Amino acid sequence: MPMNPPVLQSFIAGRWIGQSPAQTLHSAVNGRPVAAAHAEAIDFAEALAHARRAVPVLLRLDFQQRAARLKALAKYLMERKESLYAVSAHTGATRQDSWIDIEGGIGTLFAYASMGSAELPSGNLWHEGPVVPLGKQGHFAGTHILVPRGGVAVHINAFNFPVWGLLEKFAPAFLAGMPCIGKPATATSYLTEALVRLIADSGVLPEGSLQLVIGGTGDLLDRLEGQDVVTFTGSADTAARLRAHPNLVRQSIPFNAEADSLNSAILAPDVQPDDEEFELYVKEVVREMTVKAGQKCTAIRRALVSRRHLDAVAERLRARLAKVVVGDPAIDGVRMGALASRTQQRDVAERVALLRQGAEVVWDGGPDFAPVGEGTAEGAFFAPTLLLSRDPHRHEAVHEVEAFGPVSTLLPYDDLDEALALAARGRGSLVATLVTRDPQVAARAIPVAAAWHGRLLVLDREAAAESTGHGSPLPALKHGGPGRAGGGEELGGLRAVKHYLQRAAVQGSPTMLAAVSGEYVRGAARIETEVHPFRRHFEDLRIGESLLTHRRTVTEADIVAFGGISGDYFYMHFDEIAAKDSPFGRRIAHGYFVLSAAAGLFVSPAPGPVLANYGLETLRFIKPVAIGDTIQARLTCKRKIDRAKTDAQGRGQGVVAWDVEVTNQHGELVASYEILTLVAKRA
């Protein structure tokens, strides 16, 4: 490494800022200088003005188009991931550790691109619904919509995931149309800077979509406004301090915190030492101690074990930990790397000393612990450390002090209720794992534990084949927890996008609600023409375009024929005597016959723009249809989504959702649902 390491730069207002070195950042492996933060102050007024100018630019794209940009960015980064792996090595991470951070982050971009293209509308208004009648005659109703906030998202991230931490926050915020200012923890900011340089070079994002702050936030939070959002990942103490920032409080600026927590793993009392689940538990605890050198906000800090199996678990954990090779990740066979910095190393040592005041050491590498590799004595290594607290009720520190490294403490319990009570002593955690063979144990424990945890993993031999593990937040599931864990949420599928949007209730006539939401609302004015809606191409079809079909009288022959085709001979359809004794008092048609008959009424059979029916949603059978009843269907274009799909010939497609109402001869609704179709474009 050069004597004068490169100076990291902030990416502010479309340019890279920073020439003069400030704090020197060292390799976690050998202590050599890697980079230096810059000394120049950032003009946060300029940064925010630049971001605010980007809002209308972002909103010239819709949800679908922003999802497409995320996908393009993810592809670009995946093709250049090795450059990030090379930089990540300085953080002390093994290749597997870096994979979680780098490809986990890029994978999150892919996930949100996919969710956005599959589920979000082609516009910048998301009709959340449902429409609720507010008057007796159907002239007044209400609903909920979600729209872009028009502000800026400030993301303050932790040191342990320099890539994933930025991307998992950026993806939903960008989908929601918010420009972002990312501030990574300084200790590993050289990796985040490498990531943002790739993003800037890609040219995929509109100008101002993402800015990078190296160093402190200065007066950034003082300058935020009510439409902005702040998210934070880090310690519970820092989260509490930021949450109370006067400007955030004064302007009611949404603040989401994901804080370190004292997560636990419970080995249920039904599991015996010879069970496969026993070994799964041991492996999970060791994995969470050693992956990222235990520097995960989701790592297992408290391992709860039935007192009668305490010695067996301790021995197996000791044996596994003794085999863990710690050292320079570049050396073959190394399974655990270093902590992120010497500062972090000192912090973990101090916290282990506090924990040891009420606990004994099961394993800490011993006096001969020495990480393998040249120069590692100057690195930030820490031996995997397993403690045992024999009286966890009196050992307050184990429920209050977190050593953010490869450290876990064994806690014995006498019954499941005690185990759950001990887990709750963490006062709010991101995740807990329950290892059990018995579904009844899970059914009893999980509802109790859920009050104190953001995510719960039930691990048994069946789940183990595909389980992503205790410590892995996934894009589809909520990441966050109550109490000490910050009280916020991230990820959780499109729930995360909603956090960056403004929800508003809208009241009015069905016609007005349809105009606002961009979706047909029952009771709204319809458009009826002589052209069957299925004959129109995607561009030509209008929301509210509707067809009232001809009528069909249901006969006994229909019921008999449908029973023969489907094999459904349920007594309500075929047994005259039993049907008379039923609440309906007579034989009725199959619900799915009504569905099929309605399709026969509204489908236009000749080739045309409608290419495929690929879904049916919100199906309800409202009233029974009996022999002799006459049904009629109304088909109305409810929603259009331009997803830039193409068919085998390269012709464009869109998705159309159709509202279907099936009524009887009295005008009563008998069936209600939506169908989804792919519809060709003219071009």
Could you go through segment 37-47 and let me know if any residue there is within 30 Å of residue 292 (Cα to Cα) and touching a residue at least 40 places away in the same chain (Cβ under 8 Å). yes
Residues of segment 130-161 satisfying the condition of being in contact with a Phe, Trp or Tyr (Cβ under 6 Å, 6 or more places away or on another chain), at pLDDT 95 or above and part of a loop (DSSP other than H, G, I, E, B): none
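Could you tell me whether residue 265 is in a helix (DSSP H, G or I), open to solvent by less than 20 Å² (accessible area, probe 1.4 Å) and not basic (Lys, Arg)?
Spelling it out, it is not the case that residue 265 is in a helix (DSSP H, G or I), open to solvent by less than 20 Å² (accessible area, probe 1.4 Å) and not basic (Lys, Arg).
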Which condition number in (1) among the charged types (D, E, K, R); (2) under 28 Å from the mean Cα position of the chain (by Cα); (3) under 21 Å from residue 398 (Cβ atoms); (4) modelled with pLDDT under 95 is the one that residue 302 fails? (4)
Are there any pairs with C-beta distances below 6 angstrom linking a residue in segment 472-499 that is in contact (Cβ under 8 Å) with a residue 24 or more places away in the chain to a residue that is among the β-branched types (Val, Ile, Thr), with the two at least 6 apart or on different chains, and if so which? 475/108
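Being free of Cβ contacts under 8 Å to residues at least 24 places away in the same chain and either outside any helix (DSSP H, G or I) or open to solvent by 10 Å² or more (accessible area, probe 1.4 Å) (or both) is the requirement here; does residue 274 meet it?
Yes; evaluated as a whole, the condition is true for this residue.
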List the number of the failed condition for residue 324; all other conditions in (1) closer than 14 Å to residue 385 by Cα; (2) of a type outside the set (Lys, Arg); (3) out of contact with any Lys or Arg (no Cβ under 9 Å at 6 or more places or on another chain); (4) not in a strand (DSSP E or B) hold. (3)
Selected residue (criterion: farthest from residue 626 (Cα to Cα)) from residues of segment 564-577 that are more than 44 Å from the chain's Cα centre (by Cα) and in a helix (DSSP H, G or I): 564
Counting just the residues of segment 578-589 that are among the hydrophobic types (A, V, I, L, M, F, W, C) and assigned to a loop (DSSP other than H, G, I, E, B), which one comes out least open to solvent (accessible area, probe 1.4 Å)? 589
Pairs, please: C-beta under 8 Å, at least 6 apart or cross-chain, first residue buried (at least 24 other Cβ atoms within 10 Å of the Cβ) and in segment 204-219, second among the hydroxyl-bearing types (Ser, Thr, Tyr)? 211/10; 212/10; 212/192; 213/10; 214/10; 214/186; 214/189
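Just checking, which of 179, 162 is surrounded by 24 or more Cβ atoms within 10 Å (Cβ to Cβ) and either closer than 26 Å to residue 339 by Cβ or free of Cβ contacts under 8 Å to residues at least 60 places away in the same chain (or both)?
162
The values are calculated or read from the model by the stated rules, or taken from the named source; none is laboratory data. Computed from a prediction, not measured in an experiment: that's the story for all the values here. Counting neighbours? That spans all protein chains shown, and the Cβs are built from the backbone with ideal geometry, glycine included. To get the accessible areas, we keep the full protein, side chains included, count just its heavy atoms, and leave off ligands, DNA and RNA. Shrake-Rupley method; radii C 1.70, N 1.55, O 1.52, S 1.80 Å.
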